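The values are calculated or read from the model by the stated rules, or taken from the named source; none is laboratory data. Being a predicted model, the structure only gives us computed values, none of them experimental. Cβ atoms come from the backbone with ideal geometry, glycine included; neighbour counts cover every protein chain shown. These accessible areas exclude ligands, DNA and RNA; they are computed on the full protein's heavy atoms, side chains included. Shrake-Rupley method; radii C 1.70, N 1.55, O 1.52, S 1.80 Å.
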Amino acid sequence: MTHLENDIRWMQAAIALGERSKGLTAPSPSVGCIIVNKDNQIIGRGWTQSGGRPHAEAMALSQCQSLKGATVYVTLEPCAHKSNRGPTCSDSLVAALPERVVIACRDPDPRTNGQGISKMVAAGIKVECGLLEKQAAQSMSGFFSRQLKARPYVTLKMATSLDGCIALENGESQWITGERARAHAHLERMRSELIVVGRKTLEFDKPSLNVRLQGLGDRSPKKAVLGHGEIPSGWIGLREPTDIIKTTADHVLIEGGAKTAAAFLKADLVDRILLYRAPILIGKGLHALADIGLTNLSEAHHRWHLKERRTLGNDQLEAYLRI
Ligand SMILES: NC(=O)C1=CN([C@@H]2O[C@H](COP(=O)(O)OP(=O)(O)OC[C@H]3O[C@@H](n4cnc5c(N)ncnc54)[C@H](OP(=O)(O)O)[C@@H]3O)[C@@H](O)[C@H]2O)C=CC1
Ligand SMILES: Nc1c(N[C@@H]2O[C@H](COP(=O)(O)O)[C@@H](O)[C@H]2O)[nH]c(=O)[nH]c1=O
Ligand SMILES: [Zn+2]
């Protein structure tokens, strides 16, 4: 394995650690950190804890005796700002003095942005930034979206038939996709702070919108309804799609129906589409999307690119990111 391949492997592991707390840390990012000694063995692992503290680096550092000759892999630039909620990670790293710190993404938060790197460089630590930057930024998508676009990261989920329907004409939609696809969708719920459905879906499906995966029930997010009627107890009411900006969520999952999905697309608020497609035909049913205001076919192209494709039982999942 080359030096670069080795760095990539550890950074991928750090990204996977950060993903563990996605959905739990808002408004903080879910950072991952791995520390390896001079023999390339793991001596510390950390990820941002629930509520945003302790930070990933603090957790990983607490497991190490000495960082002599060590390399720290971290998905986000170590923080440089003072907080009464915990130590400043760049100061902690300067005190621990590893040989190298490899960072995926520079922190866009102005309290750190470059200052964490400068402190460590000034202390004589070799610092490299930019390894697997895109992949790491995707793992902290909600944080980057709030910092750079001042809104949460929005995923639209649709469970369709082969012919693009999400329900029969009479509204029946449970179930289109099979158990494995639905379990995967529950993992997506777990990584969100808020799930949104439209008023018709609320009335017709009476959905639970919780995480029904063994041991992960406490990772169920908040739920919201888009519309103008009464708001049931325990739900958040959204009068229009842009109301998600006012919530505390960094990752929002839109679970439909057709009018709600179209409303978020029309408002240009969708960053990612999860298309779960079952091998069934519905024919005269409810099409996945209501009007999105398209007047010209050329406007529809070059908006989405396929990021991932996988088989889940009998169903297919395609994940698309906005271009
Ligand atoms: N297979 C799947 O993945 C899914 C299937 N479904 C199915 O979809 C069907 C329901 O879909 P559909 O009929 O399209 O209804 P929706 O669930 O999308 O709800 C429509 C309502 O949402 C509100 N709404 C929509 N757009 C806006 C907007 N821009 N601003 C404010 N409020 C808005 C309105 O509420 P109001 O009238 O209060 O103003 C509207 O009546 C059901 O049969 C359900 O089973 C649902 C989810 C997923
Ligand atoms: N029909 C359908 C889905 N429907 C979505 O799931 C909601 C029901 O959630 P819950 O009550 O928690 O099970 C429903 O209102 C709609 O948003 N999802 C899928 O993965 N596959 C499916 O075939
Ligand atoms: Zn920190």
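Matching residues to (1) open to solvent by less than 60 Å² (accessible area, probe 1.4 Å); (2) modelled with pLDDT under 95; (3) within 21 Å of the chain's Cα centre (by Cα):
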| residue | (1), (2), (3) |
| --- | --- |
| Ile176 | yes, no, no |
| Val196 | yes, no, yes |
| Pro207 | yes, no, no |
| Pro232 | yes, no, no |
| Ile245 | no, no, yes |
| Glu255 | yes, no, yes |
| Ala267 | yes, no, yes |
| Arg277 | no, no, no |
| Ile280 | no, no, no |
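Picking from residues in segment 188-208 that are charged (D, E, K, R) and part of a loop (DSSP other than H, G, I, E, B), the one that is nearest to Leu317 (Cα to Cα) is Arg191. Residues in segment 293-305: is at least one assigned to a loop (DSSP other than H, G, I, E, B), open to solvent by 60 Å² or more (accessible area, probe 1.4 Å), over 29 Å from Ala137 (Cα atoms) and hydrophobic (A, V, I, L, M, F, W, C)? Checked segment 293-305: at least one residue is assigned to a loop (DSSP other than H, G, I, E, B), open to solvent by 60 Å² or more (accessible area, probe 1.4 Å), over 29 Å from Ala137 (Cα atoms) and hydrophobic (A, V, I, L, M, F, W, C). Each residue in segment 9-39 was checked for being outside any loop (DSSP other than H, G, I, E, B) and among the polar types (S, T, N, Q), and 1 of them qualify. Counting residues in segment 266-282 that are more than 11 Å from ligand 1 (Cβ to nearest atom), outside any loop (DSSP other than H, G, I, E, B) and more than 14 Å from Lys157 (Cα to Cα) gives zero. Scanning segment 61-76 for residues that are within 13 Å of ligand 3 (Cβ to nearest atom), part of a helix (DSSP H, G or I) and open to solvent by 50 Å² or more (accessible area, probe 1.4 Å) turns up nothing.
Of all the residues in segment 95-154, those that are aromatic (Phe, Trp, Tyr) and either under 30 Å from Gln65 (Cα atoms) or in a helix (DSSP H, G or I) (or both) number 2. In the set (1) surrounded by 17 or more Cβ atoms within 10 Å (Cβ to Cβ); (2) farther than 30 Å from Leu274 by Cβ; (3) touching a Ser or Thr at 6+ places or on another chain (Cβ under 9 Å), Pro152 fails one condition alone, (2). Only a single criterion out of (1) within 15 Å of ligand 3 (Cβ to nearest atom); (2) modelled with pLDDT of 95 or more; (3) not charged (D, E, K, R) is not satisfied by Val121, namely (1).
Return yes or no: is Ala26 buried (at least 24 other Cβ atoms within 10 Å of the Cβ) and at pLDDT 95 or above? It is false that Ala26 is buried (at least 24 other Cβ atoms within 10 Å of the Cβ) and at pLDDT 95 or above. Residues that are in contact (Cβ under 8 Å) with a residue 60 or more places away in the chain and closer than 18 Å to Val197 by Cβ do occur in segment 145-152, at least one of them.
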